[in-house]
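The values are calculated or read from the model by the stated rules, or taken from the named source; none is laboratory data. Please read all numbers here as calculations on a predicted model, not as lab measurements. Here the Cβ positions follow ideal geometry from the backbone for every residue, glycine too, while neighbour counts run over all protein chains shown. Ligands, DNA and RNA are excluded from the accessible area calculation, which covers all protein heavy atoms including side chains. Shrake-Rupley method; radii C 1.70, N 1.55, O 1.52, S 1.80 Å.
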Amino acid sequence: MKTNYKLLGLTFLLCLSMSVKGQTAGTFSFTVNQTTHSTTYSGTKRCLAIWIEYNATGTTWTFVKSLLVRGKNTQSNHLPTWNTAAAGNVTGITTTSTLSSMAATTVTWDGKNVSGVLVADGNFRVAVQETWDHGTAGTATKYITFAKGPTAIASTPVTADTNFTGMSYSWTPVPLAIADFNLNPEVVVYPNPSNGVFNLNFKNEVKNVKVVNLLGATIYNENISSDENAKSSKRIDLSSYANGEYIINVTNDNGTSTYKVLLDK
């Protein structure tokens, strides 16, 4: 019997395409320049926040991840829209002090949420909020929508307004061959915080799970069998340990991914 290798190859590629459809890896880039406003707010202090939201229903936008936050600790007063959307979540970024000038700012997003998991393709928007004075009269917010998916978006200018200028964005998807054949392990960890038990849902192959405390000591280490990978889930019970932050490391042949969790009994 003669084997049709072309047909087998086509079938493999089709199945491969279906397996990754709807969850494209890539890089989103956004640049914005704030318009200079006269201000009495502590002389020259200005706040800025940039974040990503997702529209799954067509009507409701859901917070995905903060990309940049520049401002005081009392974010609810100085960046009210960002604080409401993000609930103050700054996971994965370093917050910094207020801006002394309205210089151009560029941020990037890797298509992942605050848990480090690649999110589904669809309708997204980047939100930017600046505050240059006390009260709503000194605060402005702008939204720019874009589509995350396998189609690249070249550098796209955005019409300037009285508060934001020099805006542009782009989306560069990772080629399929790289996205599928060189995947670090990905899991969804929940609940987080937890009163003891953390659930791990595997998004791809995981060969080892290790938990360390903030001092670097390993408190849990387990190799994951093929049967457990087939179930795509794992439960870790940390209820016997003290409250605080821990690091969950998941490893496969491509590398290691890290997730910060909070134990709060």
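Amide H to amide H under 5 Å from Leu67: which residues, 5+ apart in sequence or cross-chain, H placed 1.01 Å off N in plane?
Ile50, Trp51, Ile52
Determine the order of Glu205, Glu130 by accessible area, beginning with the largest, at a probe radius of 1.4 Å.
Values: Glu205 95, Glu130 0 Å².
From most exposed to least exposed: Glu205, Glu130.
Can you give me the long-range amide H partners of Gln23? Hydrogens built in the peptide plane at 1.01 Å from N, cutoff under 5 Å, separation of 5 or more residues or another chain.
Long-range HN contacts for Gln23: Asp121.
List, largest first, the extents of the alpha carbons of the range 55-172 along their principal axes, each in whole Å.
Principal extents (Cα only, largest first): 41, 31, 27 Å.
Could you calculate the contour length gain from Thr151 to Thr59, that is, 0.36 nm times the residue separation minus the distance between their Cα atoms, to one decimal place in nm? Write out the running numbers ahead of the final one.
Numbers: separation 92, 0.36 × 92 = 33.12 nm, distance 2.34 nm.
Contour length minus Cα-Cα distance gives 30.8 nm.
For the range 116-222, give the percent of accessible area contributed by carbon and sulfur heavy atoms, probe 1.4 Å, rounded to a whole number. Don't skip to the answer; put the middle values down first.
Values: 2860 of 5110 Å².
Ligands and nucleic acids excluded, carbon and sulfur give 56 percent.
Highest first, please rank the peptides 108-121, 238-251 by the mean number of other Cβ atoms sitting within 10 Å of their residues.
On the way: 108-121: 17.5, 238-251: 15.4.
Sorting 108-121, 238-251 by mean packing, highest first, produces 108-121, 238-251.
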